[in-house]
1. Using a cut-off of 13 Å between beta-carbons, work out the net charge of the residues near Gly306 (Lys and Arg +1, Asp and Glu -1, Gly306 not included).
2. Sort 495-508, 132-145 by the packing proxy (mean of other Cβ within 10 Å over each peptide's residues), most packed first.
3. When only C-alpha pairs under 8 Å and at least 6 residues apart count, what is the relative contact order of the range 391-468, in percent?
4. If you average the C-alpha positions of the range 189-253 and of the range 128-184 separately, how far apart do those two centres end up, in angstrom?
5. Going down the table (Lys32/Lys286; Lys643/Lys683; Lys543/Lys563), which pairs top 27 Å between alpha carbons?
6. In the structure displayed, which of Lys28/Lys281; Lys166/Lys249; Lys45/Lys281 lie more than 19 Å apart, Cα to Cα?
7. Given 0.36 nm per residue, what is the gain on full extension from Glu248 to Gln440 after removing their alpha carbon distance, in nm?
8. Alpha carbons only, please: Rg and Dmax for the range 1-97, in angstrom.
Amino acid sequence: MNEKALRILEYNKVTELLMNYAHSPMAKSLCKQLKPSTDLIYIKKSGQETFDALSRIYKQGNLTFSGLTDVTPSLKRLEIGASIGAGELLSIAHLLEITLHAKSYQSGNERDEITDSLTSLFQSLSPLSPLCHEIKRCIISEEEISDDASSSLKSIRRSMKQTNDKIKNQLNQIIANQNNRGMLQDSIVTMRNGRYCIPVKQEYRSNFPGMIHDQSSTGSTIFVEPMSVVTLNNELKELEAKEQTEIEKILANLSEQVGFEKDAIASDLSTLVTLDFIFAKASLAKSYNGTLPLFSKEHYIEIKKGRHPLLDKGKVVPLDIHLGKDFSMLVVTGPNTGGKTVSLKTVGLFCLMGQAGLLIPASEGSVLTVFDDVFADIGDEQSIEQNLSTFSSHMTHIVSILEQVTPNCLCLFDELGGGTDPTEGAALAISILTHLHNQQVLTMATTHYSELKLFALSTPGISNASCEFDVETLQPTYRLLIGIPGKSNAFAISKKIGLPDYIIEDAKSRIDIDHQDFEDLLSDLENSKKALEQEQETIRKYKQEIESLQASLKSKKSSFDEKQQELLKQAREEAREIISAAKETADETIRKFNQWQKHPEKGDLKSMEAQRSKVRGKLKDLDSKLAYQPKAAKGKHKPEDFKIGDLVHVASLSLDGRVTTLPNSKGDLYVQMGILRSQVNIKDLTILDEPVITNEKFTKTQKGKVSIQKSATVSPSINLLGKNVSEAVAILDKYLDDAYLSHLTTVTIIHGKGTGALRNGIWQYLKRQPNIKSFRSGEFGEGDAGVTIVEFK
């Protein structure tokens, strides 16, 4: 691609934006060097990678490569056997951490069994976690090596600390001595040339034998290393040298380990830079809602709702344009600042971005083609240095374009033939466009010349287009209308601004009749197209409304059919159960009557009559089940009607239970229904009467009152989760007494599965209870082996 077109179409500004989304210097360099390609295979591969990265960003969030640096120089030094420093090793460790993070990012796709064009890149990464951990263990920062890097280093540093403490103690004793106070310039310990010293007044230097390391600028103070600490300071220096030697060994050892993996690290670096570059392109596409363009081999362009990426996406008007199918050349006319130049630049920039593997800010289904080159002559190229006028500069550039252009190129001209005599300029423009049209070069040109409008109307394969202008508001709408040439609107604009009518009429009289008729025709065409578009928009809205109603009706019908089938199925099941019960009752009755006929002595009239009454009762029950029963109305109780312990019926669940909490401000309360505890609204509840306990032996004693009171508060289940056997048995013993006194027939003990120890302990206890008829593990829906169902005698 020629550099001038890249500059004119502002492609370089797009790559500058792209650089902002890259993290590493290497990826930023790739962004800056990105150029459009003419290799269709590369273009499709690059575009698909960008699209897949964008899909991952929408699904998993962005992938960061922050802190990634170029470790290639360090790896080259390792190739020749050299050691590298702590900072370089930390950079390699950070690279491996980024590799691990990228690998983890990929694992989300692997769990979903999704593969795309980036999968192989992620799979090629080698995090080398043991090496990374070893580097991080040994090196704390660029200036600090960990004590735990080696046992020798830890021992040396321990000795250094002990020696330091001895030196400080010796010097502190000298400073603290009352006899020395007047001889010292200050009661402090200081460092000179890496050795501990004390500041002594010049006149008392002989009182402190030792080594003099420095003196003050005035000479009144000398810094003396007392003889008593010279040996200790020497030991400290030796230990520091040993420490440095040990650190060099540690770094050499780490360098050797890294050297063994240098190829894998170099591969990781290259892959990470590539991924950083790809995700930068995806992040740029996300910023303007980019889509992947299709590439046609049929040499045509179709852009749907295209938006220039450098303009405010909240203000830019989407552009619809097609070129290459019905016509190979488009002549765009219209007033200044109407959007003609933006349309040119949008088409050219989209082609460059697509061939660079970037997504374009347009609707899905937009089509581009691969051009050998894109040429653009847009803007004022006047050159004072070369003594060229605007017209001469444009013509120089156009001559260069005509020399290089091939049929597989795109040419964009702004104000073709402008800057000179209109008649001659229009003639030149027509000749240039004819030359390009004969070569079948896709071309788009803007103009104000009426001659070019007529040329487009009269030449097959060339179409007019215009940028719409609202005369009422004197503002362009920036909509491109293909098929209709634009009007200058000079008279209408002048009249709107306030130019006197007589001047406008005089101006009109000076225009050629044919030209005036042509302008009127253009006006009629534009008005007709607007009316047609309004009708099409109305039809589109009606169509959408019809489709919405059809979808709603279909959904409701489907829901109705499903509900109908469900009700029929439920009704069949209930009927089958009722018929089966009736059959069993009839069979049992016939069997007994047959026995009485065979052995009359075994049956008396009274027992036969009792059996007949029993059969009649069962049949009555079955008949009531078969009869239609309307649903009971939902409870209409007030919040104050509910008390803890009330027996209620939950309509939505068809279950009875006990109220365990009072209603809140929204009317919600908790109900215990067996082992199920659920929050229910009072609108779904009906308060039931307490069951009347009938027992021939039951008397109204104080104990009886207690049992009635307990029956309102004792839960039909108990939760013993988290208890040991002894704790559980103590709680269970009291609970079973309360439940028995409350006349509960069955209770549920919740103990969980676990190791089974708690369940076994509870079962051993239950075997010894005389008032228990039976107990068993829960069945499916009751809690399985995690609960025990107990039945009282």
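1. On the way: positive: Lys304, Lys305, Arg307, Lys313, Lys345, Arg479; negative: Glu302, Asp320, Glu364.
With Lys, Arg at +1 and Asp, Glu at -1, the net is +3.
2. Details: 495-508: 10.8, 132-145: 15.4.
Answer by packing, highest mean first, reads 132-145, 495-508.
3. Values: 63 pairs, mean separation 24.4, N = 78.
Dividing the mean separation by the residue count of the range 391-468 yields 31 percent.
4. One Cα centre to the other: 16 Å.
5. Beyond 27 Å between Cα atoms: Lys543/Lys563.
6. Values: Lys28/Lys281 11 Å; Lys166/Lys249 28 Å; Lys45/Lys281 13 Å.
Violating the 19 Å limit, Cα to Cα: Lys166/Lys249.
7. Numbers: separation 192, 0.36 × 192 = 69.12 nm, distance 7.12 nm.
Between Glu248 and Gln440, full extension yields 62.0 nm more.
8. Reported Rg and Dmax, both Å: 17.7, 51.
Values quoted throughout were computed directly from the atomic coordinates according to the rules given, and no laboratory measurement underlies them. Owing to the predicted nature of the structure, the values given are computational and were not obtained by experimental measurement. Using ideal geometry, Cβ is built from the backbone for each residue, glycine included, and neighbour counts are taken over all protein chains shown.
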